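Visitor: The structure under discussion is supplied below as structure tokens; questions concerning it will follow.
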Amino acid sequence: MEPIFVPKKVAAAALGEISLNKLNELIRTGRINPRVLDGRVMFTPEELRRFAAELPSWEPPESRGH
């Protein structure tokens, strides 16, 4: 069974090993929305997937001189 909630450390790891500081910044700016369970900040897998799906795709830089 997939977990219903994951703690911040697990969420940061799932999002490409971002730092907890970066995760806190994403929370502060409203880009990712946690839940609170007994005072602990947790994330649903669905919220992590939503956040990841909304990120822009990487595009290679245009080569110069062509």
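Every number here is computed from the coordinates shown, using simple stated rules; none is lab data. Predicted model only: the values in this text are computed from it and were never measured. Every residue, glycine as well, gets a Cβ built from its backbone with ideal geometry; the counts of neighbours run over all protein chains shown.
Visitor: With each pseudo-label sitting 7 Å past Cα toward Cβ, what's the Ala52-Asn33 distance in nm, one decimal?
Guide: 2.0
Visitor: Provide Ile18, Ile4 in ascending order of the number of other Cβ atoms located within 10 Å of each residue's Cβ, fewest first.
Guide: On the way: Ile18 14, Ile4 11.
With the fewest neighbours first, Ile18, Ile4 line up as Ile4, Ile18.
Visitor: Another question, then. Based solely on its DSSP helices, what 222 nm [θ] is calculated for the chain when runs of n ≥ 4 H residues each add -39,500 (n - 2.57) and the sum is averaged over all residues, nearest 500 deg cm²/dmol?
Guide: That calculation yields -11000 deg cm²/dmol at 222 nm.
Visitor: Test of understanding: what is the full-extension gain from Glu62 to Leu20, defined as 0.36 nm times their sequence separation minus their Cα-Cα distance?
Guide: Contour length minus Cα-Cα distance gives 11.9 nm.
Visitor: Would you mind classifying region 6-54 by shape? Square roots of the alpha carbon gyration tensor eigenvalues, ordered a ≥ b ≥ c; an a/c under 1.5 is rounded, otherwise it is prolate if a/b is larger than b/c and oblate if not. Mind showing how you got there, number by number?
Guide: Numbers: a/c = 1.29, a/b = 1.21, b/c = 1.07.
The shape class here is rounded.
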